[in-house]
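To keep things clear, I will list the structure first and then write my remarks on it.
The values are calculated or read from the model by the stated rules, or taken from the named source; none is laboratory data. For clarity, every value in this text was computed on a predicted model and none was experimentally measured. Note: ideal-geometry Cβ built from the backbone for every residue, glycine included; neighbour counts use all protein chains shown. Surface accessibility is based on the protein's heavy atoms, side chains included, excluding ligands, DNA and RNA. Shrake-Rupley method; radii C 1.70, N 1.55, O 1.52, S 1.80 Å.
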Number of protein chains: 2
Amino acid sequence: MDDQMQSLATEMNRGFLQVLVLALLERKMYGYGMIKHLEEAGYRIEENTLYPLLRRLEKNGWIAGDWDVSETRPKKFYVITETGRKVRGHALRLWEEQATTLARVTEVERDV
Amino acid sequence: MDDQMQSLATEMNRGFLQVLVLALLERKMYGYGMIKHLEEAGYRIEENTLYPLLRRLEKNGWIAGDWDVSETRPKKFYVITETGRKVRGHALRLWEEQATTLARVTEVERDV
DNA sequence: ACATTATACTGTATGTTGCACAGTATATCA
DNA sequence: TGATATACTGTGCAACATACAGTATAATGT
């Protein structure tokens, strides 16, 4: 059952991770830094998850990336775009809706 | 951008729909009835989504189904199993965690 | 009486995405 | 000089929401 739970957890990350990154990128950040930042906030995201995700979000035009080669090691910094903000808003509303639906359903279960 | 939003919405349903069904099946119900029940609660789930989902959850042993052929039309009734309850609990905890993480991240953004 | 709509399912195909696996290359520190 | 941290790229797989297509009975309208 652990495998199955892991699989469900993965599914639950879909969407959530996109919103999380969109929220995070209100401030300019680069991939590796985001991982460390989230770790400090008590959340672990896989490199293998984040990097492809950033590429997808950029391709969608929800975030914009540009290379910083001024320092020792080249880093790709990302920020959210206007479109990204709209998407994030939409997604957060959806999230609320889901929470409401779930609450309503479990509430009904309690009543009966 | 509407297409992209739809795609994100779909991804956000993954996991959520599983939890929703697990919550709903605290009471014995059948597929079509669940669709109508949710509609009354203001939520629309596609038949094409629900039926395959029910099959998967049953295969996982999270819900148990059995056919009722006593009435006019055969219906397959499902209920949550003990395993299903454990999974649901786990998932709801994960959901909380995600909410917390998201709140923490957006909070930090506000502060800075 | 006959068509339409609601009921109640099954089966299979597809696109998206989290994550695994593998690889590249520089910097730091013991 | 060898390990560890930094900071990425590229490709492939499995799971799931949803689309598309189909089956079959009951109720309702005309």
Average other protein chain Cβ within 10 Å of Cβ, residues A:53-64: 1
Cross-link reach list, aspartates and glutamates versus A:LYS86, counting only Cα pairs under 14 Å and skipping chain neighbours closer than eight places: A:GLU26, B:ASP2, B:ASP3
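One quarter of the convex hull surface, Cα atoms only: what value does that give for chain B in nm²? Walk me through the intermediate numbers first.
Values: hull surface 37.3 nm².
Computed as one quarter of the Cα hull surface, the answer is 9.3 nm².
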Test item: Cα-centred dipole of the stretch A:2-111, Lys/Arg +1 and Asp/Glu -1 on Cβ, debye: 560 debye
Cβ neighbours within 10 Å from other chains - mean over B:24-31: 2
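Would you please give the FRET efficiency between B:ASP2 and A:THR100, computed as 1/(1 + (r/R0)^6) with r the Cβ-Cβ distance and R0 = 30 Å, to the nearest 0.05?
Details: r = 23 Å, r/R0 = 0.77.
That gives a FRET efficiency of 0.85.
I'd like the mean, over residues of A:95-103, of how many other protein chain beta carbons sit within 10 Å of each residue's own Cβ. Intermediate results must be reported in sequence, preceding the final value.
Details: counts 6, 0, 4, 9, 3, 3, 8, 8, 1.
Going residue by residue through A:95-103 and averaging, the value is 5.
How big is the B/A interface in buried accessible area, both sides summed, 1.4 Å probe, to the nearest 100 Å²? Show your work: numbers first, answer last.
On the way: alone 8410 and 8400 Å², together 12760 Å².
Approximately 4100 Å², summed over both chains.
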Reach of A:LYS36 by Cα under 17 Å, taken over lysines that are not fewer than 8 positions away in the same chain: A:LYS28, A:LYS75, A:LYS76
Cβ crowding within 10 Å averaged over residues, with B:96-102, A:17-23, B:3-9 ranked highest first: A:17-23, B:96-102, B:3-9
Dipole in debye (nearest 20) - the protein assembly as shown, about Cα centre, beta carbon charges: Lys, Arg +1; Asp, Glu -1: 240 debye
Selection from B:ASN13, B:VAL69, B:LEU57 lying farthest towards where the dipole of the stretch B:2-111 points positive, charges on Cβ: B:VAL69
Model label zone, A:GLU71; criterion: amide N under 14 Å from point 7 Å along Cα-to-beta-carbon; scope the stretch A:1-40: A:28-37
Using alpha-carbon coordinates, inclination of helix A:31-40 to the longest axis of chain A, degrees: 50 degrees
